[in-house]
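Reading through the structure tokens given below for one structure.
The values are calculated or read from the model by the stated rules, or taken from the named source; none is laboratory data. Since the model is a prediction, treat every value here as computed from it, not as a measurement. No Cβ is skipped: glycine too gets one built from the backbone with ideal geometry, and neighbour counts run over all protein chains shown.
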Amino acid sequence: MRDIVKYLALVLNVVSMVAMIVGILLHSGRGGGLSDMFGGGGGAALGSAAAEKNLNRITTVFALIWIFTVIALGFLLAV
């Protein structure tokens, strides 16, 4: 049973890591980020602010999942 939990935590860790990298790369830097990528220029798109806010939330959730799985793997691999 412990091995199943360990492998599940490892898979969740890798999936959340990749999703977090993608989410961070989609964030806006000095340009418009996600809104510019899909055709909205300089805030012209109506949903650009909502898209950035949701992207922030999703990236935060993946970061929290990654942190918890790192801690879980630390406990599971210690013994």
(request) Take the stretch 1-23 and flag every residue that is in contact (Cβ under 8 Å) with a residue 60 or more places away in the chain, surrounded by 14 or more Cβ atoms within 10 Å (Cβ to Cβ) and hydrophobic (A, V, I, L, M, F, W, C). (result) Ala9, Leu10
(message) Tell me yes or no: at least one residue of the stretch 70-79 is modelled with pLDDT under 70, assigned to a loop (DSSP other than H, G, I, E, B) and loosely packed, with under 12 Cβ neighbours inside 10 Å.
(response) no
